[in-house]
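The next block holds one structure in the form of structure tokens; read it before the comments.
The numbers here are math on the coordinates, done by the rules we state, and not lab data. Bear in mind that the values here come from a model prediction, so they are computed numbers and not experimental data. For neighbour counting, all protein chains shown are included, and Cβ atoms are generated from backbone atoms with ideal geometry for every residue, glycine included.
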Amino acid sequence: KKRKTMKWTLSVLAAGLVLLAASILYVIRLPKLQISRITLTGVETLEEAVVRGRIADGLAGVYYRVLPRSSFFFVSPDHVKADLEKEFPRIEEARVEKEFPDAMSITIAERPFWGIFCSTEHSSTTPICAYIDPSGVAYARAPEPEGKLIIVVRSDRGDVALGSAVADPALMDEMRKIASDLEAKTDISVSGFVVSSRVPGELRAIAAEGFTLIFARDNDIGESITVFRQVLEREIGDRKSRLEYVDLRLGNKVFYKMR
């Protein structure tokens, strides 16, 4: 009698579990609980259709042949965020939120343009160029630039991987400071920089006028520019267009060469 009672109880429990699983599966597969309404904002230079296509691909298909990936309960905002930022290096940040029962809102912040980074390996003369943001992250391939309207950073390091920083934060800070301080203190615009792995303590800025300014990275950049302004006013004057280079690595001792 006890065995029959136990079997009956187990049968009831098993039936209950099957019914519960079937109910959960039914709810998970309800069309009303599938992410189908997606609000996408912040897209500027990216193609919205391409971004939406990537999102749709992530929601397509099923888990274990029965569980839809688009179910409100299975869609992970963190996963969608990570996938978009990895697939589109131009995206600086993606904010993703789910809205019950079938909506998801995505706000994208694209990386601001700062300049172009061109890398040439020692064994090659063909540079690999990419657009970079103010933090030095390469986010899209770029043609080798011509002219002086865009800041171009040239280096002898290897390939430029999209989505990664091409320069350390300290170097980017130094280049931004040189560009801003030179224009503020001397009205000279910077058209580019040269970074050499063979001389890591040196940073060369190319003025739009065509001459080179040589900085020591260990020195105070602001002070070096102040010294240059004094030399410009007291010694060089209207001969600025004839400058070839100005060496600012030795503090108050400035060396310069005219063409």
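Out of all the residues in region 1-43, which are among the aromatic types (Phe, Trp, Tyr) and over 28 Å from residue 100 (Cα atoms)?
So the first thing to find is which residues in region 1-43 are among the aromatic types (Phe, Trp, Tyr), and the list is 8, 26.
If the condition is that a residue be among the aromatic types (Phe, Trp, Tyr) and over 28 Å from residue 100 (Cα atoms), then 8 is the only one that fits.
Just to be sure I understand the filter: pairs with C-beta atoms under 6 Å, separated by 6 or more residues or on different chains, first member in region 228-246 and more than 21 Å from residue 179 (Cβ to Cβ), second member among the aliphatic types (A, V, I, L, M) and not in a helix (DSSP H, G or I). Which pairs pass? Cβ pairs passing all conditions: 242/258. Only one entry in 89, 127, 101, 68 is over 13 Å from the mean Cα position of the chain (by Cα) and under 24 Å from residue 176 (Cα atoms), namely 127. Of all residues in region 42-61, which are in contact with a Ser or Thr (Cβ under 8 Å, 6 or more places away or on another chain) and free of Cβ contacts under 8 Å to residues at least 40 places away in the same chain? 59, 60, listed by residue number. Under the condition of being over 25 Å from the mean Cα position of the chain (by Cα) and touching a residue at least 40 places away in the same chain (Cβ under 8 Å), the residues counted in region 172-187 number 3.
For region 218-234, the set of residues classified as in contact with a Phe, Trp or Tyr (Cβ under 8 Å, 6 or more places away or on another chain) and not hydrophobic (A, V, I, L, M, F, W, C) consists of 224 only.
Would you confirm whether any residue within region 113-124 is of a type in the set (D, E, K, R) and touching a residue at least 40 places away in the same chain (Cβ under 8 Å)? Step through it out loud before you land on a result.
So the first thing to find is which residues in region 113-124 are of a type in the set (D, E, K, R), and the list is 121.
Right, trim to touching a residue at least 40 places away in the same chain (Cβ under 8 Å) and you get none.
No, because not a single residue in region 113-124 is of a type in the set (D, E, K, R) and touching a residue at least 40 places away in the same chain (Cβ under 8 Å).
Note on region 149-259: enclosed strands (runs of 3 or more DSSP E) holding 3 or more residues that are buried (at least 17 other Cβ atoms within 10 Å of the Cβ) are 152-155, 190-195, 202-207, 212-216, 243-250.
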